[in-house]
Number of protein chains: 2
Amino acid sequence: MTTHDLVKQIHLKKSFLCIGLDTDLEKIPSHLLAAEDPIFEFNKAIIDATHHLCVAYKPNTAFYEAYGSKGWKSLEKTINYLNTKHPDIFTIADAKRGDIGNTSTRYAKAFFEDLAFDSITVAPYMGKDSVEPFLAFTDKHTILLALTSNEGAYDYQTKMVGGVELYKEVLRTSKTYANAENLMYVVGATKAVCLKAVREIVPNSFLLVPGIGAQGGNLEEVCRYGMNQQVGLLINSSRGIIYASNKKDFAEAAAKSARKLQEQMRSELEKP
Amino acid sequence: MTTHDLVKQIHLKKSFLCIGLDTDLEKIPSHLLAAEDPIFEFNKAIIDATHHLCVAYKPNTAFYEAYGSKGWKSLEKTINYLNTKHPDIFTIADAKRGDIGNTSTRYAKAFFEDLAFDSITVAPYMGKDSVEPFLAFTDKHTILLALTSNEGAYDYQTKMVGGVELYKEVLRTSKTYANAENLMYVVGATKAVCLKAVREIVPNSFLLVPGIGAQGGNLEEVCRYGMNQQVGLLINSSRGIIYASNKKDFAEAAAKSARKLQEQMRSELEKP
């Protein structure tokens, strides 16, 4: 999926919502546990109830790996369901991978070829030759961690490196990578005020913004500092939507919760 | 497995060799491809032929994920085989994970509980609260990336942060984490001279050293700068051992290649 198509979907749906599928057997409604694949059943119900309100889904691989090969199978079924039923939805493997060149290529194959995600999140610590193997897949998107939503972001990401914060150095140098035009960046909603500085470095890139809801980020602030001419934002909510209820009405409750964010997004998009 | 037991095994086997199981269907002998699970058959043959020459195995998860849930199943079979047949071997999931707290906990469960690895490699970019969930498993080891073996290590890891290189800052601050005594660190053999500085910060920790062989690192140099009173080194070789031959003699060839490194290690251990 191209960013052009993504922007089209955003305007069509009046939404730049990404729903995080962090599916945890301990949190889903207990009546689903009798199903053969409760994780997939839960995801399917959430997708069926919310796909018209969002433009992207983001399964975090940790929640699937925690259940071993069975969990990986649930991840496969989820992405296949999305790609078959909703090819207009942008899919993000929130995997935070990154390794030496030949190994990053294997990760890229895993997520871009085997699972056929549109994009993957990648950690920058190992530098250029750990990121470029993902960018070599030019019909896909590589979403580099810049400034994350957690407290630990202040440990290294905001430390000064040659007169500039590390996350800005990551943004700056990543622009020189081969096929850099296929980069997007993770910038946490909990650091919304930093989005202004981010936009000075990467004015045109899409930003994946986690941290709305459970983590305390503010949607209006994120839009004020982060939105560009192409919208340029995918704002993620996971727990706030998918665990809005843990009863039989979980899918409706998720839709209601997603609708609330979508309506805020609509009014942000309609601002002059 | 405790570090005390690991040190015992090192002296027993006169080896601090770690063998990287980066198993790639395009590189293994073609006669194995007819097996139901060629990846596991290959790993099993390599383990059977080399387990007396090494103290650790390190499957890199990228090579398993590239084959989807089937690949994850091969990883499960490999770790189960190691834990059942060779409980004295230290096992490393080379996964380079790291995420916000509740997500890192899921990764820790995946690799420490579901797969029952002794240790996992973890990326430091997201800071303290992304690493401590791994350290919360106090009978396990968390191997933090410090200075990696690739060229991209010079992009950020060696940049100055408050008067000190970033990788040293990572080492320094990690010592303040809860259960820091269960930390080990990745330091590439291609930067052996930096091991001296590493040892000034973490004199007692085990270091996992990749980059011998295919990547050009030198064993003797690594020992000169990196060895401590407890040996404190696990030196990894992957391709140089497991792909020593791609014919029917692949396991023997791997053993021969491992033996060569083990003999160099024996003489390093016997140095006065």
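Here, each number is a calculation from the coordinates, and none is a lab measurement. Keep in mind the model is a prediction, meaning the values are calculated, not measured. No Cβ is skipped: glycine too gets one built from the backbone with ideal geometry, and neighbour counts run over all protein chains shown.
Along chain A, the longest continuous region that contains none of the trypsin sites (Lys or Arg not before Pro) in a DSSP loop with at most 14 other C-beta atoms within 10 Å is A:28-174.
Only bridges whose two residues both fall in the protein assembly as shown count here: according to DSSP, what percent of them are antiparallel, nearest 5? It would help to have the intermediate numbers written out before the result.
Numbers: 7 of 63 bridges.
Percentage antiparallel, nearest 5: 10.
Convex hull over the Cα atoms of region A:3-270, averaged projected area in nm²? Numbers along the way, then the final one.
On the way: hull surface 52.8 nm².
Dividing the Cα hull surface by four gives the mean projection, 13.2 nm².
Relative to the other identical copies, A:Lys175 shows label-point distances of 3.8 nm, where the label point lies 7 Å from Cα along the Cβ direction and values run shortest first.
Shown for chain A are the DSSP H helices of 27 Å or more along their axis, judged by Cα atoms, with a mean Kyte-Doolittle hydropathy of at least -1.0: A:250-270.
Only one residue of B:Val193, B:Ser267, B:Thr158 has its Cα farthest out toward the positive end of the dipole of chain B, where Lys and Arg carry +1 and Asp and Glu -1 on Cβ, and that residue is B:Ser267. Once the chain from A:Ala116 to A:Lys85 is taken as fully extended at 0.36 nm per residue, the excess over their C-alpha distance is 9.8 nm. Look at the stretch A:92-102: the mean tally of other chain Cβ atoms within 10 Å of its residues' Cβ atoms is 6. Quick check: the distance between the Cα centres of region B:58-100 and region A:135-149, to the nearest angstrom? If we compute the Cα centre of each part, the gap is 25 Å.
How large is the charge dipole for chain A, taken about the Cα centre, if only the Cβ atoms of Lys, Arg (+1) and Asp, Glu (-1) carry charge, to the nearest 20 debye? Write down the numbers at each step before the final one.
On the way: 32 positive and 32 negative charges, 94 e Å.
Using only the charged Cβ atoms, the result is roughly 460 debye.
Placing +1 on the Cβ of every Lys and Arg and -1 on the Cβ of every Asp and Glu, with nothing else charged, gives region A:5-156 a dipole about its Cα centre of roughly 320 debye. The same position A:Gln229 in the other copies lies at 6.5 nm from this copy, comparing label points 7 Å beyond Cα toward the beta-carbon, shortest first. Sorted from closest to farthest, the other copies place their B:Ser267 label points 7.6 nm away, with each point set 7 Å from Cα along Cα→Cβ.
Legend: ranking of residues A:Cys18, B:Cys194 from fewest to most surrounding C-beta atoms inside 10 Å; resulting order B:Cys194, A:Cys18. In loop segments of region A:24-127 as defined by DSSP, the GluC sites (Glu not before Pro) with at most 15 further C-beta atoms inside 10 Å of their C-beta are A:Glu26, A:Glu36. Its alpha carbons considered, the protein assembly as shown gives a radius of gyration followed by a Dmax of 23.1, 77 Å.
Cross-link list A:Lys77/B:Lys85; B:Lys70/B:Lys140; A:Lys58/B:Lys70; A:Lys77/B:Lys96; B:Lys13/B:Lys128: which exceed 31 angstrom alpha carbon to alpha carbon?
Working: A:Lys77/B:Lys85 34 Å; B:Lys70/B:Lys140 26 Å; A:Lys58/B:Lys70 22 Å; A:Lys77/B:Lys96 25 Å; B:Lys13/B:Lys128 36 Å.
Going by Cα-Cα distance, A:Lys77/B:Lys85; B:Lys13/B:Lys128 fall outside the 31 Å limit.
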